[in-house]
Amino acid sequence: MANIFEGKTTNEAIEKGLKELKLSRKQVDVKVLESDDKRSFFSILTPRVVKVELIVKDDVKKIERPEKKEKVDISEETENKAEHNIKKFLDELISKLPTKDITYEIKNDKNDLLVDINGEDTGYLIGYRGNVLNSLQLILNNVANNDLNERVRVLLNIGGYKQKREKDLKDLAEKIAGTVIRKRKSITLEPMSSYERKIIHSALQDNSKVETHSIGEEPNRKIVVSLKK
């Protein structure tokens, strides 16, 4: 199947193709199928369309992209060991915290272990925009998978923060989209975690007037909201 893409200019067509193929400019050869170099008097009156074919280089074709593996059910033994590891860590952590009313609950959801921590004063466990929560989640994943043969994913929530943050991000996405449409200018958001970027992308994926894409490298990756071309 030919990788043919269109745009108002050659560069626009190439960028569209690279984005869809998820490749860099160095990984493809470009063949211009229809350019705007020679336009007749009558063609000037019609919309400009440039067509290019992106040919993936041989050395790139040889690199097979790993297929997403279906998630395998974890064994009951693995689940119990992971839960034991988490409980041991959290019991010790909570005993050293300044607030003593903190409780937690661990649930299994489609092979993920959901850890829900609650208490009257848990803000310091969440941190600025969830930075402490994200660090704790990373630690819990390492703790849970200690000496396990299977990999378990741990998802942490504290004081319902993720539900509140998701609502705030969805509201922000709609507000930014409205501003982009009104001012007809792209807006770049501040750096966000992959979890938060996913919420923004999902919130605007069905919007008929704007589109989103990410730029930059972790941990400073940002979302750009722009008008659809």
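Miscellaneous remarks
- Top-ranked residue of region 102-125 - restricted to ones that are at pLDDT 95 or above and among the hydroxyl-bearing types (Ser, Thr, Tyr), ranked as farthest from Gln163 (Cα to Cα): Thr103
- Within region 143-178, the residues that satisfy the criterion of being of a type in the set (A, V, I, L, M, F, W, C) and surrounded by fewer than 19 Cβ atoms within 10 Å (Cβ to Cβ) are Val143, Leu148, Leu155, Leu172.
- Neighbours by Cβ (under 7 Å, 6+ apart or cross-chain): first from region 113-142, more than 22 Å from Pro219 (Cβ to Cβ); second of a type in the set (Phe, Trp, Tyr) and surrounded by 15 or more Cβ atoms within 10 Å (Cβ to Cβ): Val115/Tyr104; Asp116/Tyr104; Ile117/Tyr104
- Residue that is surrounded by the most Cβ atoms within 10 Å (Cβ to Cβ), among those in region 202-220 that are farther than 28 Å from Val49 by Cβ and either at pLDDT 90 or above or not assigned by TED's automatic domain parsing to the domain that holds Glu174 (or both): Ala203
- Considering Ile181, Ile199, Ile223, the condition of being crowded, with 18+ Cβ neighbours inside 10 Å, outside any strand (DSSP E or B) and aliphatic (A, V, I, L, M) is satisfied by Ile199 alone.
- Total residues in region 86-128, condition surrounded by fewer than 16 Cβ atoms within 10 Å (Cβ to Cβ) and either outside any loop (DSSP other than H, G, I, E, B) or among the acidic types (Asp, Glu) (or both): 19
- Meets criteria (of a type outside the set (Val, Ile, Thr) and either assigned by TED's automatic domain parsing to the domain that holds Ile223 or not in a strand (DSSP E or B) (or both)) for Asp147: yes
- Hey, Val143 in contact with a His (Cβ under 6 Å, 6 or more places away or on another chain) and of a type in the set (Val, Ile, Thr) or not: no
The values are calculated or read from the model by the stated rules, or taken from the named source; none is laboratory data. Source: prediction; values computed, not measured. Neighbour counts are summed over all protein chains in view; Cβ atoms, including those assigned to glycine, are modelled from backbone coordinates with ideal geometry.
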